[in-house]
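Asker: I have a structure I would like to understand better, so I am pasting it below and will then ask my questions one at a time.
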Amino acid sequence: MNENKLILKQLFKNMFYNLIAFTILFVAFGVIALSQVRVSLYLKLDDELKNAQKMMVNLIVNENLNFDSHVGIDDRKRKDNLIGFGGPRVIPLLRNKDGQVVNFGSVNNTYFEQYLKYITFNQGQLFRIIPITVQNRYYFRSLTIPVSTKDGKQLYLQLLINADSERALLSHISFIIFFSSGLFIVLSILASYLLSQKTMSPIRKAWYKQAEFVENVSHELRTPLTIIQNSLESLMISSKKKIMDQSETLALVYDETSRLSKLVTDMLTLARSGGMMTEITKDVFSLDHLIKIVSEPYIELAESQQKSFQLDLNCPTNIDADKSRIHQLLVILFDNALKYTNPHDSITIQSRLKDNKISLIVSDTGIGISDEAINKIFDRFYREDRARALNRSGTGLGLSIASWIVQRHGGTIKVRHNEPKGTIFTIKIPI
Ligand code: ADP
């Protein structure tokens, strides 16, 4: 599978998972919101029923009520009807043990014929609030309890409250939640796509970087390997010659093998640096002292090449850093300073302490770096053409490693032109 297909496949996979996550969230939100509205709406009705129950039981047990339905409605006291005593919305039905409604007021209620007479009564469902649907149109909540009147009659008090408006409100809210969840799910397809694009972006970058790295590595490895192979072939052809006579070829093989070895070590350092696998082991030491030790062979080498290599060290404090990595950093910078300078050029190493930071400045009056290349020299394998033209050994990995070391110490590395010519590297590391 090629890389684009692989990335695309991953993109759709991510998008699918994002979409599922969004859908679950919206559905869960809808269900929770709806059940909360439902509970709070019915809770109010149920409270009304329970309050009405208390008041009416008091009335039935303590008062001599007359439920006789033969007396005309105008002759009756309102109390006898029970109507209105449990609150304006509560309808009381007083039933005998056969389930017949005995309170005169309710039977004569205008709505009795229309729907109250269809309300079911079940002696098995006492003390519980249950929903009742009448003619598939009207909704009630009902609470039934057994009561005995003052004169000892055993009756059942069924309290009803109409829940039509709550039902209508609930179905309206359900529709809104259902509709908006649907809309959000559709919108989340777009959001999932954008999110996946965003999460894939660093993966995509890493993928291409990796591919580029592998390409560069193979390219860099191929050159020394070809040289070594050719040299060995020529050695085999002229196997009768003495080793001394082959010294030039052997030296070439040796140089290229060393180059390969350095390349592999550098690549390993960089590969580990990406995954943060290389730990930093900090020590307290004097940077000036380390610079003095590391620069010794460079001073001699510079002398032999007719270059000046000067130290201007003025960092009175110790630094808390990984000594071997700082050593590696100095070697990279000093190596480059020597590599990219010509006879009579000068190299100066400065150290200073400012604002709780140590600054290390490596300046040279060498070949310098072009404006175009100055932003690229920290990229892996980047070598400027003028550096290649000098035919000095190099892998293009040194400054990438230097930059990683400085970053791991929480510092910065910057490069600028030296006047009138050459390059200045400034490194700042907090102490
Ligand atoms: P190399 O192994 O090529 O030196 P580096 O990563 O150390 O790799 O450096 C990358 C490139 O930066 C070099 O090839 C060179 O073009 C440029 N460079 C680094 N240091 C200097 C310097 N002191 N003067 C001029 N150019 C430099």
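The values are calculated or read from the model by the stated rules, or taken from the named source; none is laboratory data. Model, not experiment: these values are computed from the prediction. No Cβ is skipped: glycine too gets one built from the backbone with ideal geometry, and neighbour counts run over all protein chains shown. These area figures cover heavy atoms from the full protein model, side chains too; ligands, DNA and RNA do not enter into them. Shrake-Rupley method; radii C 1.70, N 1.55, O 1.52, S 1.80 Å.
Asker: Quick one: helix 247-274 against the long Cα principal axis of the chain, what's the angle to the nearest 10°, folded into 0 to 90?
Answerer: The two axes meet at around 20 degrees.
Asker: Looking at region 283-430 only, what percent of DSSP beta bridges run antiparallel? Nearest 5 please.
Answerer: On the way: 26 of 32 bridges.
Rounded to the nearest five, the antiparallel share is 80 percent.
Asker: Projected onto the charge dipole of the chain (+1 at Lys/Arg Cβ, -1 at Asp/Glu Cβ, origin at the Cα centre), which of 203, 306, 102 gives the Cα projection farthest towards the positive end?
Answerer: 102
Asker: If I compute solvent accessible area with a 1.4 Å probe over the protein chains, what percent of it on the chain is carbon and sulfur?
Answerer: Ligands and nucleic acids excluded, carbon and sulfur give 57 percent.
Asker: Which ³J(HN,Hα) values, rounded to whole Hz and listed in residue order, are derived for region 146-160 from phi using the Karplus coefficients 6.51, -1.76 and 1.60 in 6.51 cos²θ - 1.76 cosθ + 1.60 with θ = phi - 60°, glycine and proline given as x?
Answerer: x, 9, 10, 6, 4, 8, x, 6, 8, 10, 10, 9, 10, 9, 10
Asker: Could I ask something else about it? Each residue of region 201-209 in order: what ³J(HN,Hα) in whole Hz does its phi give by Karplus 6.51 cos²θ - 1.76 cosθ + 1.60, θ = phi - 60°, with x for Gly and Pro?
Answerer: Couplings: 4, x, 5, 4, 4, 4, 4, 5, 4 Hz.
Asker: Under the rule of at least 5 residues apart or a separate chain, name every residue whose amide H is placed under 5 Å from the amide H of residue 347.
Answerer: 308, 309, 310
Asker: Follow-up. For the chain, with every protein chain kept in place, what is the accessible area per residue (1.4 Å probe, Å²)?
Answerer: Ligands and nucleic acids excluded, the figure is 60 Å² per residue.
Asker: Given only helices, namely DSSP H runs of n ≥ 4 each adding -39500 (n - 2.57), what is the per-residue ellipticity at 222 nm of the chain, to the nearest 500 deg cm²/dmol?
Answerer: Here the helix-only value at 222 nm equals -18000 deg cm²/dmol.
Asker: Okay, moving on. Using 1/(1 + (r/R0)^6) with R0 = 41 angstrom and r between the beta carbons of residue 282 and residue 246, what's the FRET efficiency to the nearest 0.05?
Answerer: On the way: r = 49 Å, r/R0 = 1.19.
Result of the calculation: an efficiency of 0.25.
Asker: Relative to the present Cα-Cα distance, how much length would full extension add between residue 12 and residue 123 at 0.36 nm per residue of separation?
Answerer: Details: separation 111, 0.36 × 111 = 39.96 nm, distance 5.98 nm.
Between residue 12 and residue 123, full extension yields 34.0 nm more.
Asker: Select from region 300-392 those GluC sites (Glu not before Pro) which occupy a DSSP coil region and have at most 12 other Cβ atoms within 10 Å, ordered by residue number.
Answerer: Here the GluC sites (Glu not before Pro) that fit, given the DSSP loop and packing criteria, are 372.
Asker: FRET efficiency for residue 31 and residue 96, Cβ-Cβ distance as r, R0 = 41 Å, nearest 0.05? Can you show the working numbers first?
Answerer: Working: r = 43 Å, r/R0 = 1.06.
Given R0 = 41 Å and the Cβ-Cβ separation, E is 0.40.
Asker: Here is a further query. Please list, in order along region 410-418, the HN-Hα scalar couplings obtained from phi with the Karplus expression 6.51 cos²θ - 1.76 cosθ + 1.60 (θ = phi - 60°), rounded to whole Hz, x for Gly and Pro.
Answerer: x, x, 10, 10, 10, 10, 8, 6, 9
Asker: Let me know the shape class of region 391-431, please: from the alpha-carbon gyration tensor, a ≥ b ≥ c as square roots of the eigenvalues, rounded when a/c is under 1.5, otherwise prolate if a/b is greater than b/c, or oblate.
Answerer: Oblate is the answer for region 391-431, as a/c is 1.5 or above yet b/c matches or exceeds a/b.
Asker: Express in whole angstrom the spacing between the alpha-carbon centres of region 1-62 and region 235-292.
Answerer: Region 1-62 and region 235-292 have Cα centres separated by 66 Å.
Asker: Relative to the longest principal axis of the C-alpha atoms of the chain, give the angle of the C-alpha long axis of helix 3-62, reported between 0 and 90° and rounded to the nearest 10°.
Answerer: 30
Asker: Further, regarding this structure: Kirkwood hydrodynamic radius of region 154-309 from all distinct Cα pairs, in Å?
Answerer: It is 24.9 Å.
Asker: With axes computed from alpha carbons, what is the tilt in degrees of helix 398-408 against the longest principal axis of the chain, rounded to the nearest 10 within 0 to 90?
Answerer: Helix 398-408 sits roughly 40 degrees off the main axis of the chain.
Asker: Ranked from the most accessible area to the least, with a 1.4 Å probe and all protein chains present, what is the order of 95, 167, 204? All intermediate terms of the calculation are to be shown ahead of the outcome.
Answerer: Details: 95 15, 167 100, 204 70 Å².
From most exposed to least exposed: 167, 204, 95.
Asker: Using only Cα atoms, figure out Rg for region 100-233 and give it as a multiple of 2.2 N^0.38 Å.
Answerer: Details: Rg = 38.7 Å, N = 134, 2.2 N^0.38 = 14.1 Å.
Working it through for region 100-233, the quotient is 2.74.
Asker: Out of residues 5 or more away from residue 322 or on other chains, whose amide H comes under 5 Å of its own, with H placed 1.01 Å from N in the peptide plane?
Answerer: Amide H to amide H, under 5 Å and 5 or more residues apart or across chains, residue 322 pairs with 283.
Asker: Compute the length gained on full extension between residue 222 and residue 393: take 0.36 nm times their separation in residues and subtract their Cα-Cα distance, giving the result in nm to one decimal.
Answerer: Value of the extension gain: 60.0 nm.
Asker: While we're here: Could you check the spin-label model distance between residue 335 and residue 136? Points 7 Å from the Cα along Cα→Cβ, value in nm.
Answerer: Between residue 335 and residue 136, the label points sit 8.8 nm apart.
Asker: Starting from the Cα of residue 265, move 7 Å in the Cα-to-Cβ direction to define the label point; list residues of region 393-429 whose amide nitrogen is under 13 Å from there.
Answerer: Counting backbone N atoms under 13 Å from the label point, the list is 398.
Asker: How much FRET efficiency would the formula 1/(1 + (r/R0)^6) give for residue 171 and residue 20, where r is the Cβ-Cβ distance and R0 is 25 Å, rounded to 0.05?
Answerer: 0.30
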